[in-house]
Every structure is written in structure tokens, then in C-alpha cells.
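Q: Here's a structure for you.
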Amino acid sequence: MSPALVVLTLALLLGIQPVTTDLYLPALPALTAGFGARMAHAQLTLSALLLAFGCSQLVFGPLSDRFGRRPVLLWGLGAYVLASIGGAVAPTIEILIVWRTLQGAAMGAAVMAARAIVRDLYQPADGARVMSRALTGLGVIACLCAPLGGLVSDLFNWRLALLVPALFGAFTLALIALRFDETLPRRNPDALRAGTLIATWAMVLRNPVFLSFSALTTASYGMLFTFLASSSFVFIQVLGLGKTQYGLVMLWSSLAYIAGTFVCRRWLPRHGVRGSVARAAGLTLAGGSAMGLLALAGVVSVAAIVGPLTLVMLAHGVHQPCGQSGAVGPFPQAAGAASALNGFIMMLAAFGIGGWLGARMDGTVMPLALGMWFWSVCIALIAWTLVRRHGEPRAGAALK
């Protein structure tokens, strides 16, 4: 495969996550009202999806190490399309939650395989640069998701917004079926054996490089998920924006994220992984602290959230490519398992955050603002301690 095709494939596989989560956010209040559901149930359509997303990677990772990335992607994307259609026609919120859970489980195949493919093809330092290019593509997809979701929901209804991911999944499935070549250099026939699997997971979880970068990606995604899970209610119900206006806010945040991926590629040759992450952590802490302090001071406006959010998303564009490629870097022969564990840890945190927000959303900006502040502090501490100590990937790092 050409480098351009690799980047396009990675962008689509990684981009399936914002398509699944961001696109329906402008329709979430209308969806909740349409079903006559409680806010806790509405939050579960997102948090249950992400829990299934995390758990399924623990299965898909070893499967891809045993049978290859291509068959796992074909089956996973096929199931994703079917679950997306099922969710769009669900008659009750409970059935929607079931379909969204299945959709999240299928989505795990795509995102897990993308991170593993990077390790199949590149050494850790090069992988961070390639991942940043792919995540630029993800940012472009995310730019379109919320505005498109708001527009479709305004012009038609929220059910059609839930159907759009099926089209994206079908396009990605066609690309994999027609153009994707297997990247796993050597299948591991023992990958699914219980003893081998437990030993591999134990080895990965003892590795300080994996733990450092997984802590970084988890805290960074925790901050993003805090925003995603609460933003539609805050901007639409508390601050009075329309769905399309809210979509434009999400567009701005995605543009900031794209800018961050370009900053990442500029910083990596100059400052290395640790230096890039440390500098981005300063932006994160500044943005999160500003958002929290403004909320505590009683400054409630769109600008008081979007201004600090810009810094946070800029830094997010550095933390995610460095963190995701760094977490799988030491494991060339078990990249699927390492990618799966990294994804599982991130989504387990997201599920907990979703439950917390479902119980804390009180018609103010405080849960969003204080949650973002909390995670910004966590990111800075991780970047300036764990990643600083363990985070520089070495070419030729191998599974021991």
C-alpha cells in the first residue's frame, strides 16, 4: 500500500469514533425528549457504547494478532453497519441503548486495528508522526460530524442523524475489502490461548512505557469525553444555542484539534516525544484552569468555555498521536493486545465519567467546567512525571 493509502485508511478507521459519538450529539436533547427519557438514559447511549468499545478491543486485539488485521476489520465493520441501522429505527430508548452497545463493540475492531497497523508498519518515533497525520484526517472528519449532525437533525430528524454512521461504515468497509493489504508480518498461532493471553497482558501491564502513555491517553480522552458527554446540554439547554450553532462550536474545537496535530509534527523533530507532550501539557493546564476559574467566578458564556477549550483541543492534537503510538511501541509482536488494553483503559474511564455526569448535570456549566479542570491537572502531572521519565520511544524496541 502507498503511504497515502495507509494514512487514508488509518484516518477512516480512527474517524469512525467521532462519527459514532460526535455526529449525534446535536440531536441528543431532541432524542431524549422524543423518547421521553431521563438524562441518565440519554447519557447511557454514549457511555454504554464506549464501555462496549473498550471491552471488545480485549477480544479483537488477540484475534487480530492470531488471524490478521484484515479479517477482523471486515467482520467488525460489517457488524457496525448493521448496528447503526438498528439504532436508527429503534422504537424505545432501551433498544437504542442495546444497538448503540453493539455499535460500540463493532467500532472497537476499527480503532484497535488502526493503532496496531501503525506498529506493524513503523518504528515508534516514525509511528507518532504517521499517527499525527492520520489524526489530522480524523480531525477533518470530526469537523464535519457535529455540524452535519445538527443540520440533518434540524432539516429532517434525529433518526436520520443516527443513520449517517451506517453510510460512513459502509464506505470504510468497501475500502478495506477492495484496497487494504494485510499488514501483520507474522501471525501468532498462540495469541488466543488463555495462558499466552494472560502472560501477554501481564507483560504489557508491567511495562512502564505502556503505563505512562496509557495514563496520558486516558486522561486526555477523559477530558475530551467530559466535554462531549455534557456539551450539547450545556450549549443548547443552558446557553441557548441552536443545534446548528452548537455544531459550529464543535467545528471550531475540531479545527483546534487539527491545528494541534500539525503542531505535533512540527515539535517532534525538535523536542522529541517527551518534550512535545510536556509543552502541550502546559497548554492543557492553562485552558482547563481558565475554564474552571471562570465558572467559579460566575462568568457563564459561550466564550468562557470555547476560549479555554481551544487551548485544550490544541494540546489534545499532540497528546493523542504521541500517546497512542507510544503505548504500542514496545510490542511489535503483540501490537493488537497492547492496542486493545490501551483502548480498554480509556473507555473504562469514559464509562465512569458518563455515569458521573449523568448524576451531576444540574442545568449549569459547572460539571463541564470543573470536570475539564480536573483532567487538565491530571494530564499535566502525568506529562511532567511519568512521560518525562519513561516516555521516549526507542527504535528497535522489541517484545521480550
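Laboratory data are not the source of any read-out in this text; all were calculated from the coordinates shown. Keep in mind it's a predicted model, so treat the numbers as computed, not measured. Glycine gets a Cβ as well: all are built from the backbone with ideal geometry, and neighbour counts include every protein chain shown.
Q: What is the sum of charges, Lys and Arg at +1 and Asp and Glu at -1, for the other residues whose Cβ falls under 9 Å from the Cβ of Ala335? Don't skip to the answer; put the middle values down first.
A: Details: positive: Arg115, Arg119; negative: Asp65, Asp120.
Here the charged neighbours net out to 0.
Q: Going highest first, how would you order 30-36, 365-371 by mean Cβ packing within 10 Å?
A: Going from most to least packed, we get 365-371, 30-36.
Q: Determine the sum of side-chain charges near Thr183: Lys and Arg each +1, Asp and Glu each -1, restricted to other residues whose C-beta is under 13 angstrom from that of Thr183. The partial results should precede the final answer.
A: On the way: positive: Arg69, Arg70, Arg115, Arg119, Arg179, Arg186, Arg187; negative: Asp65, Asp120, Asp181, Glu182.
Overall, the nearby charge balance is +3.
Q: Let me make sure I get this right: for the stretch 93-188, a, b and c are the square roots of the gyration tensor eigenvalues over alpha carbons, sorted descending. Under 1.5 in a/c it's rounded, otherwise prolate if a/b > b/c, else oblate. Which is it?
A: Since a/c reaches 1.5 and a/b is larger than b/c, the shape of the stretch 93-188 is classed as prolate.
Q: In whole Hz and in residue order, list the ³J(HN,Hα) couplings for the stretch 68-83 that follow from phi through the Karplus curve 6.51 cos²θ - 1.76 cosθ + 1.60, θ = phi - 60°; x for Gly and Pro.
A: x, 6, 4, x, 5, 5, 5, 5, x, 5, x, 5, 4, 4, 5, 5
Q: Same structure, new question: Please list 3J(HN,Hα) in residue order for the stretch 338-351, calculated via the Karplus relation 6.51 cos²θ - 1.76 cosθ + 1.60 where θ = phi - 60°; whole Hz, with x for glycine and proline.
A: With coefficients 6.51, -1.76 and 1.60, one gets 5, 4, 5, 5, 4, x, 4, 4, 4, 6, 5, 5, 4, 4 Hz.
Q: Between the stretch 131-147 and the stretch 67-105, what is the separation of their alpha carbon centroids in Å?
A: First find each Cα centre; the distance between them is then 22 Å.
Q: What FRET efficiency comes out for the pair Leu348/Met39, r = Cβ-Cβ distance, R0 = 25 Å, nearest 0.05?
A: That gives a FRET efficiency of 0.70.
Q: Can you check what the net charge comes to around Ala30, using other residues whose Cβ is under 12 Å from the Cβ of Ala30 (Lys, Arg +1; Asp, Glu -1)?
A: +1
Q: Loop only per DSSP, at most 14 neighbouring Cβ atoms within 10 Å: give me the trypsin sites (Lys or Arg not before Pro) in the stretch 139-233, ordered by residue number.
A: Taking the stretch 139-233 and a limit of 14 other Cβ atoms within 10 Å, the loop trypsin sites (Lys or Arg not before Pro) found are Arg186, Arg187, Arg193.
Q: If you keep only loop residues by DSSP, which chymotrypsin sites (Phe, Trp or Tyr not before Pro) in the stretch 210-302 have at most 13 other Cβ atoms within 10 Å of their Cβ?
A: Sparse-neighbourhood loop chymotrypsin sites (Phe, Trp or Tyr not before Pro): none present.
Q: Run the numbers for Thr385 and Arg266: contour at 0.36 nm per residue of separation, minus the present Cα-Cα distance, in nm. The partial results should precede the final answer.
A: On the way: separation 119, 0.36 × 119 = 42.84 nm, distance 2.30 nm.
Additional length available on full extension: 40.5 nm.
Q: Shape call for the stretch 1-112 from the C-alpha gyration tensor, a ≥ b ≥ c root eigenvalues: rounded (a/c under 1.5), prolate (a/b greater than b/c) or oblate? Present the calculation step by step, with values, prior to reporting the outcome.
A: Working: a/c = 2.58, a/b = 1.91, b/c = 1.35.
Taking the square roots of the gyration eigenvalues as a ≥ b ≥ c, the stretch 1-112 is prolate.
Q: For Val277, Val118, Val299, which order do you get if you count the other beta carbons within 10 Å of each Cβ and list the fewest first?
A: By the 10 Å Cβ count, ascending, the order reads Val299, Val118, Val277.
Q: Just to confirm the filter: which chymotrypsin sites (Phe, Trp or Tyr not before Pro) across the stretch 106-200 are DSSP coil and have at most 14 other Cβ within 10 angstrom of their Cβ?
A: Phe156
Q: If I model a spin label as a point 7 Å beyond the Cα along the Cα-Cβ vector, how far apart are those points for Thr364 and Ala177 in nm?
A: Distance between the two pseudo-spin positions: 5.3 nm.
Q: Rounded, prolate or oblate: which one fits the stretch 169-309, using the alpha carbon gyration tensor with axes a ≥ b ≥ c (rounded when a/c is under 1.5, else prolate when a/b beats b/c, else oblate)?
A: prolate
Q: Report the FRET efficiency, 1/(1 + (r/R0)^6), for Leu167 and Thr244, where r is their Cβ-Cβ distance and R0 is 30 Å, rounded to 0.05.
A: E between Leu167 and Thr244, to the nearest 0.05, is 0.90.
Q: Enumerate the calculated ³J(HN,Hα) couplings along the stretch 177-182 in order (Karplus 6.51 cos²θ - 1.76 cosθ + 1.60, θ = phi - 60°), each rounded to whole Hz, writing x wherever the residue is Gly or Pro.
A: So the J values, rounded to whole Hz, are 5, 9, 10, 7, 9, 4.
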